[in-house]
Every structure is written in structure tokens, then in C-alpha cells.
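This report concerns only the one structure given below.
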Amino acid sequence: MRSMRVIRSHRFAVLTAVAAVGAPGVWLFARHSSAPDSAIVARVKRGPFAVTVTTAGELRAKKFVQITAPPQLQQAGVYQIKIASLVPEGTVVKQGEQVAELDRSALASKLADVTLALQKAEAQYEQAELDSALNLSGARESIRTMELGLEEKRLAKEEAVYEAPTVKRQAEIDYEKAERALAQAKTDYETKTEQARAKMREVGADLARQKNTLKVVQEAMAGCTVKAPGPGMVIYSKEWNGKKRTAGSQVAPWDPTVATLPDFTDMESVTYVNEIDVRKVAVGQPAVITLDADPSKRFSGTVSSVANVGEQRPSTDAKVFEVKVAVVQSDTTLRPGMTTGNAIETLKLPDALFVPLDAVSTEDSVSLVYRLSGARATKQEVVTGAVNDDEVVIARGLAEGDRVLLTLPAGHEKLKLARLPAADAAKPASVTAGATTPPPTPSANQD
């Protein structure tokens, strides 16, 4: 009967271990017949060891054509314009087909103001033309009159040759005055001509400016019917807060994109990695990309860029860094905006010893494990290496097949710590992380 109970006990342990296998990489734990009561035991394993950083991301086309609001908005003096209507996202359009309609009310008000200003500028231009013509005409008539007066003075001067000296001198003085007045009138005429030209340039520039503004406003109004610059599938653009543009959204000159026409043959997953894990991520590292919409599909990827500066994402407190993962192969099912899972392989060791994370403890800054030697637990110092979500590399201190406890044994505080030789403990973990020969430890092969 006692042997039957032992067999049943072993059978229960085996069934428990089999039920624990729910996913690749899960350790098999079983109670050893000679282990301390209620102890959970794990074997030291040898094999490939990988460290991955897993994040959620969003697909985006690396190349795309922007569908924008009219570029003349800022010149027209309109700094925000509302989207009145927008074709459904995912609509396949041809070049020249309408994608969106923008609200023209602000531009209509600008058009009325500019039209009035243009009429005023035209009136001022005409008035300046008339004033210039009138002033210059009067000046030319005055010069002609002075020329006739100068001719009279010249005749009087010639007739006074035979007169008394005083009469002769007076005639000379009158002629000289008339000559100087004519010269001054001609100089004044040149000045008035330049003044008239300057005035015409001034009112002409204002008229040209108003005409140009009218043209800009008219072009902006025509551009409110937003058309596709090329063929493709319409994907809504995102605003600063991460929300997609829809009917009623505001578009500004500094962010004029309404939608995009992406190139589906060149996609990338944009994700954000926290400041703790971003130190492990580097350009060129391989990644596996999965789709939340179809978890059965897996795509190969490569880290193409890692941001140097962190940012604060909406509704989060932690700093994150933008990481872009390029999708290596193209697929017709990939669409911008799809949620992805990104498993970035930051480290891969072809051969390493490793144990579950729960097996390693720390005491006075010394890493240690509780190793089973027969039915007795010993406290063993270890040197650890790389760590992933579930396991840690043991660089020194254990051998393949050693059994370690995942819970603290009874009376653990009374156990004496078996220290590694000083030379081994001082070596960098990376030197022997994949070593095939375990370091010398007390009773290393007792089992």
C-alpha cells in the first residue's frame, strides 16, 4: 500500500508538470522525492538564450503622398479652416478625384474684404493718374508762357541798344530774370515728373498687391475642394493628440495634411520603448512583428531607427523613445494604422546556462541560489549574466543539470554561503556566459 501511495504521488507530480506547459520556454517544475517539503525545484538548463523587448506599435507606410489643404491659406490670412466633408477612410481614389471639402466661410469673408480693397486701390490709381496729368500739363503750359516772355525780353533788349544806358541796362536785367525763371520752371517740371512717377509707383504697388491677394484668395477657395494628387487608398492623417482627422477637424497652414496615399510595399511599425529597455535596442536588431487583427501572421522586421531624445506620450507618465521597425517582406493585408506586436531581439547567446528568475536571490549585494545536493539545500554564490522576462544567465557557480529551489527553504538564514573563488567572482559575466565548463563548486555533481 505504501508503494502504491508513492506511485500515485509521482504520477500527480508528473501530471502537474505537464499541465504547466502552456507556452514555449515555460520551465517544468516537479517535487523531488528527496527535496525539502513543499519546495519547487528547477533544473539548470543549457541552450540558446535570447533577450527580447516586446512592445505594441502601429503600422505606417514609410513612403506616402500627402493630400493637403490649399498652400495659399496663410497668404490669404486664414490660419485655421474646418474640414466640411471627407471621403471614408480606405476609399481607393484615382488622380484628380475629390477627397475632401473644406469650409469656405472664412475665405469668403476675406474675398469680400480684398475685393473692396482692390476697388479702392484702383480708384486711388486712377486719381493719381489724373492728378499727375493735370499738374504736369499746367507745368508745361507755364514753361511755354515763360518761353514766349523770354522771347519778348530778348527783342526789348535788342531794341534798347540805341537807348540810354539805364534803359539798356534795365532791358538786360529783365531778359536775365526771364531766362532764370524759365530755367527754374524747367527744373521744377522735372521734379514734378519724378514726384508723379513715385506716386504712380506707390499706388501701382498697392494695386498690384491687392490684385495678387485677390488671386491668392480665389486660388485658396478653389483649393478647398481637395483632390487626390495621385491614385491610392485614402488614409486619414493624425492630429497632434493622436486622433485621426474627420469632418469637423481643423486644418492649419503649419499642419496642412488632411490624408495620405501610402505606399503599401514599404511599411514600418512605429513603437515606443520605455527608458529602461531602450538601452538594449539598437539599429539593425532583428524583430518579429505580429498583427493584432491576425495573430497567426508573423513578419520579419529590422530596427531601422531609435530616437535619441525621449518624449511624453498622451495619457502616460513615463518617458518613452520612438523606435521604428521596418517590415522586411510586403503583404497585401498590411494597412497603415494596424496595431502590431513587436518582439525585438536585443541579445542572442547560442549556448548559455540559465535558470528561472525566481531562483536567484540577493544578499548583501551577492547573487546566490539555493542548490539541492541530495536532500540538502546549500546556499551558493553565482555570477549572473543577461536577463530576459523569465530567465537569467548563470555565468559561474552552477553546472548543467543542477537543481535549484524557486522558494526560500526553511532555515535559509542559517545556511552558510558557499563563495566562488575570488578570481572567478571578479571576472566579467560576459567572459563565460556561454562557457561549456562549469566553475568548481562544492558537491557540484551530487544529485
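A short reminder: the numbers here are calculations on the coordinates, not readings from a lab. These figures come from a predicted structure and were not determined experimentally. Here the Cβ is made from the backbone with ideal geometry for all residues, glycine too, and neighbour counts use every protein chain on show.
Annotations for the structure displayed:
- Label assignment, Rg/Rh (Cα atoms, Kirkwood Rh) derived from the structure, set [x] 1.46; [y] 1.00; [z] 1.06: [x]
- Of the chymotrypsin sites (Phe, Trp or Tyr not before Pro) in the range 237-315, the ones in a loop by DSSP (not H, G, I, E or B) with at most 12 other beta carbons within 10 Å are TRP240, TRP254.
- Selected from GLU363, GLU158, GLU89 as most flexible by GNM, with the chain as the system and alpha-carbon contacts under 10 Å: GLU158
- Local net charge near ARG245, Cβ-Cβ under 9 Å (Lys/Arg +1, Asp/Glu -1): +2
- Total formal charge among the other residues, if their Cβ is under 12 angstrom from that of VAL320, Lys/Arg +1 and Asp/Glu -1: -3
- Computed from the Cβ-Cβ distance with R0 of 41 Å, the FRET efficiency linking ARG140 to GLN98 stands at 0.10.
- Summed side-chain charge close to ASP364 - residues other than ASP364 whose Cβ falls under 15 Å, Lys, Arg +1, Asp, Glu -1: 0
- Averaging Cα coordinates gives a centre for the range 258-316 and one for the range 344-387; these two points are 32 Å apart.
- Among SER237, SER304, SER137, the order by Cβ neighbours within 10 angstrom, fewest to most, reads SER137, SER304, SER237.
- Ranked packing of 409-416, 366-373, most packed first, by mean Cβ within 10 Å: 366-373, 409-416
- Estimated inter-spin distance, ASP390 and GLN329, nm [label 7 Å along Cα→Cβ]: 2.6
- Here's the picture: charge each Lys and Arg Cβ at +1 and each Asp and Glu Cβ at -1 in the range 284-391, and of ALA377, VAL320, PHE299 the one pushed furthest to the positive end of that dipole is PHE299.
- Label-point separation in nm, ALA117 to SER305, each point 7 Å along Cα→Cβ: 3.9
- Gain on full stretching of the segment that runs from LYS168 to GLN80 - 0.36 nm per residue minus C-alpha separation: 23.3 nm
- Cβ-Cβ FRET estimate between SER105 and GLU159, R0 fixed at 56 Å, reported to 0.05: 0.10
- The gain in end-to-end length when the TRP254 to GLN218 segment is fully stretched comes to 10.9 nm, 0.36 nm per residue minus the alpha carbon separation.
- Per residue, the average separation of C-alpha pairs within less than 8 Å and at least 6 apart gives the chain a relative contact order of 24 percent.
- Once the Cβ-Cβ distance of VAL366 and ASN274 is raised to the sixth power relative to R0 = 30 Å, the FRET efficiency obtained is 0.55.
- Zero-based 5 Å bins, Cα pair distances in the range 70-180, whole percents: 2, 9, 10, 8, 7, 6, 6, 5, 5, 5, 4, 4, 4, 4, 4, 4, 4, 3, 2, 2, 1, 0
- Where labels lie 7 Å past Cα in the beta-carbon direction, separation of THR54 and GLN184 in nm: 10.1
- Here the scattering of the range 138-238 is modelled by Debye summation over its C-alpha atoms, one equal scatterer each and no solvent; at q = 0.20 Å⁻¹ the log10 of I(q)/I(0) is -1.00.
- Estimated dipole of the range 102-142 in Debye, rounded to 20 [Cβ of Lys and Arg +1, of Asp and Glu -1, Cα centre]: 160
- Cross-linked pairs LYS82/LYS211; LYS63/LYS324; LYS63/LYS244; LYS120/LYS199; LYS62/LYS348; LYS243/LYS280: Cα-Cα separations exceed 22 Å for LYS82/LYS211; LYS62/LYS348; LYS243/LYS280.
- In degrees, nearest ten, helix 165-223 long axis to first principal axis of the chain (Cα): 30
- Acute angle (nearest 10 degrees) that the helix 105-159 long axis makes with the longest principal axis of the chain, alpha-carbon atoms: 30
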